[in-house]
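Presented below is the structure to which this report refers.
The values are calculated or read from the model by the stated rules, or taken from the named source; none is laboratory data. Please read all numbers here as calculations on a predicted model, not as lab measurements. All Cβ positions, even for glycine, are placed from backbone atoms using ideal geometry, and neighbour counts span all protein chains on display. For the accessible areas, the whole protein counts, side chains as well, though only heavy atoms, and no ligand, DNA or RNA atoms are used. Shrake-Rupley method; radii C 1.70, N 1.55, O 1.52, S 1.80 Å.
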Amino acid sequence: HSLRFNFSVPKYTDIAVNFTDGMFKGIYNGKQHHVSDIATVLSRAWNAGVDRIIVTGGSLEESKEALAIAETDGRLFCTVGVHPTRCKEFEESGDPEKHFQGLLALAKEGIQKGKVVAIGECGLDYDRLHFCPPEVQKKYFEKQFELAYATKLPMFLHMRAAAEDFCEIMERNINKFTGGVTHSFTGSAEDRDKLLSFHNMYIGVNGCSLKMAENLDVVRGIPVERMMIETDSPYCEIKSTHAGINFVKSLWPSKKKEKYDKECLVKGRNEPCLVRQVLEVVAGCKGITDIDLFSATLYQNTCRVFFPQDLDAAADALLAGRNESQ
């Protein structure tokens with residue numbers, strides 16, 4: 001599979017896809033509505049210019065499933081880690097250290113297979129404390145830096161309504177990881193600037209980051225060279241009520257899940273092909289006219305963090321010059 005760099009063909013990496021979610025098996029709220037259709041969804045993504053996808057792991061079991069999915073295609077990769085809302089699983093396992101060692105062994109196995117590219121999704125989520133109390137979240141967020149340190153992998157991070165504690169833990173552990181992305185960012189300008197103060201941190205933007213005019217103001221202030229784009233599908237789609245909807249140019253036909261048609265998107269279910277819409281809204285709100293240069297820069301950002309072996313130095317120099325001239 002060729003990964004060489006070409007400005008004339010926009011390529012996208014979707015850094016967050018939840019392929020372990022039941023919706024991609026045709027299951028919604030516990031009820032089967034259509035056949036499992038990951039292959040169809042992937043075909044649509046590749047045809048739309050998506051070049052690579054990172055499948056998100058959110059628990060030990062889910063990380064195992066993410067790795068199994070990643071092994072089905074050369075363009076799929078995954079993360080290994082425990083989401084803040086799932087951190088009770090360390091203690092519920094009966095042996096938190098053994099659970100940690102299970103994650104470490106899985107990460108190492110995935111690295112050998114060329115598939116695991118980050119530790120995560122880990123972090124803090126104070127919007128959903130009913131799933132896991134803050135003290136447990138903080139304890140096991142901090143613990144997962146040890147995974148990054150042991151594997152030399154970057155981190156795939158989650159920060160929701162918890163910027164102060166999140167950044168404090170980050171500061172304490174800054175030397176334990178090579179870099180990372182705080183994905184699905186929905187924070188304030190102050191939160192954004194705190195994250196940008198970490199030299200090795202990128203900010204991941206999706207539909208949830210672009211809902212309201214205030215969100216667009218915050219996104220405007222993320223430098224292009226510190227940004228990544230994602231769908232976080234099947235969640236976080238860009239809806240017709242969102243502030244940036246007028247910037248969306250790329251559209252796909254959709255049908256309700258009850259009338260499933262593999263030629264159409266499922267209404268209300270986000271897909272990796274729609275990462276192009278995220279690019280369009282961000283470019284629109286930032287006033288960027290050279291969308292190919294923009295997508296090339298974002299693509300290089302993902303290579304810098306997750307695929308350093310594919311970082312194209314010549315393209316990097318070219319991009320730096322073109323971005324400065326803009």
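List pairs: first residue in region 245-257 and within 19 Å of Pro234 (Cα to Cα), second residue among the acidic types (Asp, Glu) anywhere in the structure, Cβ distance under 6 angstrom, at least six positions apart or on different chains.
Val248/Glu280; Lys255/Asp261
Of all residues in region 50-73, which are open to solvent by 20 Å² or more (accessible area, probe 1.4 Å) and closer than 21 Å to Lys262 by Cα?
Scanning region 50-73 gives Ile69, Thr72, Asp73.
Scan region 22-34 for residues that are of a type outside the set (Gly, Ala, Ser), surrounded by fewer than 17 Cβ atoms within 10 Å (Cβ to Cβ) and modelled with pLDDT of 95 or more and jot them down. It would help to see each step written out before you state the result.
Step one: of region 22-34, the residues of a type outside the set (Gly, Ala, Ser) are 23-25, 27-29, 31-34.
Filter once more, keeping what is surrounded by fewer than 17 Cβ atoms within 10 Å (Cβ to Cβ): 25, 27, 29, 31-33.
Result: Lys25, Ile27, Lys31, Gln32, His33.
Grab the helices (runs of 4 or more DSSP H) fully contained in region 46-154, keeping just those with 3 or more residues being of a type in the set (Phe, Trp, Tyr). Explain how you work it out, then say what you get.
On the way: elements: 60-70, 88-92, 96-112, 134-151.
Passing ranges, in order: 134-151.
Conditions first: (1) buried (at least 19 other Cβ atoms within 10 Å of the Cβ); (2) within 23 Å of Arg304 (Cβ to Cβ); (3) within 17 Å of the chain's Cα centre (by Cα). Gly110 passes all but one, so which condition is the exception?
(3) is the only condition that Gly110 fails.
What do you reckon, is Arg220 surrounded by fewer than 21 Cβ atoms within 10 Å (Cβ to Cβ), more than 17 Å from Gly268 (Cβ to Cβ) and within 16 Å of the chain's Cα centre (by Cα)? Give the steps one after another, and end with the answer.
On the way: surrounded by fewer than 21 Cβ atoms within 10 Å (Cβ to Cβ): yes; more than 17 Å from Gly268 (Cβ to Cβ): yes; within 16 Å of the chain's Cα centre (by Cα): no.
Taking the combined requirement at face value, the residue does not satisfy it.
Looking at the structure I just gave you, is Val41 aliphatic (A, V, I, L, M), open to solvent by less than 10 Å² (accessible area, probe 1.4 Å) and assigned to a helix (DSSP H, G or I)?
Values: aliphatic (A, V, I, L, M): yes; open to solvent by less than 10 Å² (accessible area, probe 1.4 Å): yes; assigned to a helix (DSSP H, G or I): yes.
Yes.
What are the residues in region 259-285 that are among the acidic types (Asp, Glu) and either crowded, with 16+ Cβ neighbours inside 10 Å or at pLDDT below 95 (or both), if any?
Result: Glu271, Glu280.
Inside region 173-198, can you point out the residues that are closer than 10 Å to Met155 by Cα and of a type in the set (S, T, N, Q)?
Answer for region 173-198, where residues must be closer than 10 Å to Met155 by Cα and of a type in the set (S, T, N, Q): Thr178, Thr182.
Please find, among Leu153, Leu124, Leu129, Leu76, the residue that is in contact with an Asp or Glu (Cβ under 9 Å, 6 or more places away or on another chain), among the aliphatic types (A, V, I, L, M) and either farther than 19 Å from Phe177 by Cβ or surrounded by 15 or more Cβ atoms within 10 Å (Cβ to Cβ) (or both).
Working: Leu153 fails: in contact with an Asp or Glu (Cβ under 9 Å, 6 or more places away or on another chain); Leu129 fails: in contact with an Asp or Glu (Cβ under 9 Å, 6 or more places away or on another chain); Leu76 fails: in contact with an Asp or Glu (Cβ under 9 Å, 6 or more places away or on another chain).
Only one candidate passes the filter, namely Leu124.
Go through region 286-296 residue by residue and tally those that are within 13 Å of Ile222 (Cβ to Cβ) and open to solvent by 10 Å² or more (accessible area, probe 1.4 Å).
Keep residues of region 286-296 that are within 13 Å of Ile222 (Cβ to Cβ), which gives 286, 288, 294.
Next, only the ones that are open to solvent by 10 Å² or more (accessible area, probe 1.4 Å) stay: 286, 288.
Matching residues across region 286-296 total 2.
Against the conditions (1) within 30 Å of Leu153 (Cβ to Cβ); (2) in a helix (DSSP H, G or I); (3) open to solvent by 50 Å² or more (accessible area, probe 1.4 Å), where does Tyr235 fall short? Just the number, please.
(2)
Residues in region 86-99: is at least one without any contact (Cβ under 8 Å) to a residue 60 or more places away in the chain, touching a His at 6+ places or on another chain (Cβ under 9 Å) and of a type in the set (Phe, Trp, Tyr)?
Among the residues of region 86-99, at least one is without any contact (Cβ under 8 Å) to a residue 60 or more places away in the chain, touching a His at 6+ places or on another chain (Cβ under 9 Å) and of a type in the set (Phe, Trp, Tyr), which makes the answer yes.
So if I check each of Phe198, Phe185, Phe166, Phe100, which one is under 24 Å from Glu65 (Cβ atoms) and surrounded by 15 or more Cβ atoms within 10 Å (Cβ to Cβ)?
Values: Phe198 fails: under 24 Å from Glu65 (Cβ atoms); Phe185 fails: under 24 Å from Glu65 (Cβ atoms); Phe166 fails: under 24 Å from Glu65 (Cβ atoms).
Result of the check over Phe198, Phe185, Phe166, Phe100: Phe100.
Filter region 79-97 down to residues that are among the β-branched types (Val, Ile, Thr) and over 18 Å from Phe131 (Cα atoms) and give me whichever is surrounded by the most Cβ atoms within 10 Å (Cβ to Cβ).
Let us first name the residues in region 79-97 that are among the β-branched types (Val, Ile, Thr), namely 79-80, 82, 85.
With the extra rule that they be over 18 Å from Phe131 (Cα atoms), the set shrinks to 79-80.
Working: Thr79: 32, Val80: 34.
This residue is Val80.
Out of Ala105, Ala161, I need the residue that is touching a residue at least 12 places away in the same chain (Cβ under 8 Å) and not β-branched (Val, Ile, Thr). Which one?
Values: Ala105 fails: touching a residue at least 12 places away in the same chain (Cβ under 8 Å).
Checking each option against the conditions leaves just Ala161.
Among the residues of region 201-217 satisfying the criterion of being more than 24 Å from Arg304 (Cα to Cα) and either among the polar types (S, T, N, Q) or assigned to a helix (DSSP H, G or I) (or both), which is most open to solvent (accessible area, probe 1.4 Å)?
Kept after step one, since they are more than 24 Å from Arg304 (Cα to Cα), are these residues of region 201-217: 208, 210-217.
Narrowing the set further to residues that are either among the polar types (S, T, N, Q) or assigned to a helix (DSSP H, G or I) (or both) leaves 208, 210, 213-217.
Numbers: Cys208: 30, Leu210: 3, Ala213: 58, Glu214: 113, Asn215: 19, Leu216: 11, Asp217: 93 Å².
The selected residue is Glu214.
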